[in-house]
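The structure under discussion appears below in the form of structure tokens.
Bear in mind that the values in this text are calculations on the coordinates, not laboratory data. The shown structure was predicted, so the numbers you read here are calculated from the model rather than taken from an experiment. No Cβ is skipped: glycine too gets one built from the backbone with ideal geometry, and neighbour counts run over all protein chains shown.
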């Protein structure tokens, strides 16, 4: 435990004088005093189930599906992919009971790591809109757990709060839309399943003209679609089709299905939702050995601007786990196979143009293949000839290098 302002100096010092223990945060957890006190208080209390937990499950699955570009009828995703979403990081923080300040710090750390590890490819407008929609999801879901009154008067929060209590919020729209739209709202309340679907399809057409904000329209359509079968996920395919035009709708649809009192979100894809729920609420002791490769603070010191370094090896080749906050980790791509400049120049120095081609290498490997029938004596003789050829190549190379050294500059 140390003060936040001296942590960077410590990481710089450990890089120079404790190089055999790099990264040091993979062996011991280093934490600032303020965060340590807050988490110790949280661990002294029992982690109570909050009403927004299932909403977070919906947000995580919805964001993962929206960013996966899967076929309409394909809804299977991996838990590891879900754990790398912004919704999961935010949901994990709120589920562990972090304060609003510490939760926001964790989300900011997520953005910092993504920025350090980001490829040069630019985001498209749809990807940017989806990211903004996910920010809205995380913000308003967090308000359901928060005691703060900031933004609780916002219409999105009021609708979300009513949905979490199993109440409809269609009365918010009675004075904002036409008489025809209000009649369709009534059908969504009390009509049969077929009437509800018909009313929703008509609303998707009638609401696109008065509502110009696509992000708000995505939220509104997701809420209306969730009223067709409250708490159930029977219309994922329809939500997928609409989210192409209105980014963020799929995430909101899963959120509304998750916050409903009769939610079936945990039963999604053979109880995959339950796995996400347990991952969100998994308890870890603050003082146990970290399960990550490095912390965000040390990562920024050792590898500024996300530059690759061979100072350490990650637990999983090609990937690195970064701790954003105690018990909250992010897995990023980390290519360790690129040789250093010295190694690559040394390798190029001894390579000659007369080296074995790929086709020749395949032919040589077939000589040792026991599955192929052939004359063993002939194969052995060919191997001898090949070795003799290689020795000549090596001797020739050495002779040429000696001549180069003896010749005047």
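What the table shows:
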read-out	value
For region 56-113: relative contact order, % (alpha-carbon pairs under 8 angstrom, 6 or more apart)	34
Relative packing of 76-89, 383-396, which averages over residues the other C-beta atoms within 10 Å, highest first	76-89, 383-396
Peptides ranked, highest mean first, by Cβ atoms within 10 Å: ranges 135-144, 196-205	135-144, 196-205
Percentage relative contact order, region 213-314, counting C-alpha pairs under 8 Å, at least six apart	22
Kirkwood-based shape ratio for region 179-265, expressed as Rg/Rh from alpha carbons	0.94
